[in-house]
Amino acid sequence: MNTWANSPVIAANQTLIVERGSNLTSVSRQIFSDQSPLYFRSSILYARLQNQTAIQSGEYQLDADDSWQAILDLLESGNTVKRQVTLVEGWTVKQALEHLHSQEKIERTLSSVSDESLIAILPEGYKHPEGWFFADTYQYQLGDSDLDILKRSHQKMRDVLDTGWQERDQNIPLQSAYEALVLASIVEKETGLDSERPVIASVFTQRLRKRMRLQTDPTVIYGLGDSYKGNITRKHLRQKTDYNTYVIKGLPPTPIALVGAEAIQATLHPAAEEYLYFVAKGDGSHYFSKTLDEHNKAVREYQLVNRAKEYRSQPLNQ
């Protein structure tokens, strides 16, 4: 029997789904369904003799020429098929949820970002989920739900943010870790260049110190919601919303996007610069200025006179 158990029993690669509550008998029937009943009876007897009847549910990859012993070892180990899903920096939580719902094998349990189940995992007192999920790549397996992944993402955000806040530069003009998260989301939306994030963060911290309005377009766009059609106008900049930092003073009420470790690090440790302005150069980078006069000249240079033919505000790889 040992010789049989260590001989190939699978002719081709295949996926085996072991449902919750399944036992070895039902799984053996799946595997040997097109073979002689002798195989089925022998497989159960062998497993009992080896004391390998306890199996774990999930999705398994069986390879061609796998033996019954190899399959038993796999089912006992719980080494199920793992997939990956990435939540991207700068996405809104709505975009992240839509992306999760587009992935195969992720169970859909959340109806929207206002779902009570999603709100329930936030810290006490917070009713808005934006920004509370860490942009990263997550592994998942059959049976995992959208909420399962977002719970892990949320816990990672709390861990990273709490640690970062404890180690922050003490002179930054922020009163709480949540304010840092709000500002980090703005930094995340303003640049995709790692080297620029600390400088962008320094511009906003300087503005907060001087009680200047932040005047950042991504907050305006976020406040417009679905009414924004891809082209920001002067009318938009004057339109009062809770997020229009051309109109309101200080930070908007919530983050505006998912952030990653780099944006949080830059916000809590901004560059030692005295810039107050920046303008997109059209190649994905920015020109930084200390005075309004210098900034206005840069705007004319990069936005009007010599505007890049293939203008972009983010690097090509973003």
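The values are calculated or read from the model by the stated rules, or taken from the named source; none is laboratory data. A quick note: this is a predicted structure, and the numbers were derived from the prediction, not measured. Neighbour counts run over all protein chains shown; Cβ positions are idealised from the backbone, glycine included.
Assorted remarks:
- Of all residues in the stretch 2-18 being part of a loop (DSSP other than H, G, I, E, B) and surrounded by 12 or more Cβ atoms within 10 Å (Cβ to Cβ), the one that is farthest from the chain's Cα centre (by Cα): N6
- The condition of being surrounded by fewer than 17 Cβ atoms within 10 Å (Cβ to Cβ) and among the aliphatic types (A, V, I, L, M) holds for only one of L237, L276, L251, L268, that being L237.
- In the stretch 207-214, the condition of being in contact with a Lys or Arg (Cβ under 6 Å, 6 or more places away or on another chain), closer than 20 Å to E130 by Cα and assigned to a loop (DSSP other than H, G, I, E, B) is met by at least one residue.
- Under the condition of being of a type in the set (D, E, K, R) and in contact with a strand residue (DSSP E or B) (Cβ under 8 Å, 6 or more places away or on another chain), the residues counted in the stretch 214-273 number 1.
- The sole residue among I256, I264 that is of a type in the set (A, V, I, L, M), part of a loop (DSSP other than H, G, I, E, B) and assigned by TED's automatic domain parsing to the domain that holds Q95 is I256.
- Of all residues in the stretch 137-166 being more than 24 Å from E107 (Cβ to Cβ) and among the polar types (S, T, N, Q), the one that is surrounded by the fewest Cβ atoms within 10 Å (Cβ to Cβ): Q166
- In the stretch 43-69, the qualifying residues are those that are without any contact (Cβ under 8 Å) to a residue 40 or more places away in the chain and hydrophobic (A, V, I, L, M, F, W, C), and the one that is surrounded by the fewest Cβ atoms within 10 Å (Cβ to Cβ) is A54.
- Among the residues making up the stretch 174-205, those that are under 23 Å from P123 (Cα atoms) and over 23 Å from the mean Cα position of the chain (by Cα) are L174, Q175.
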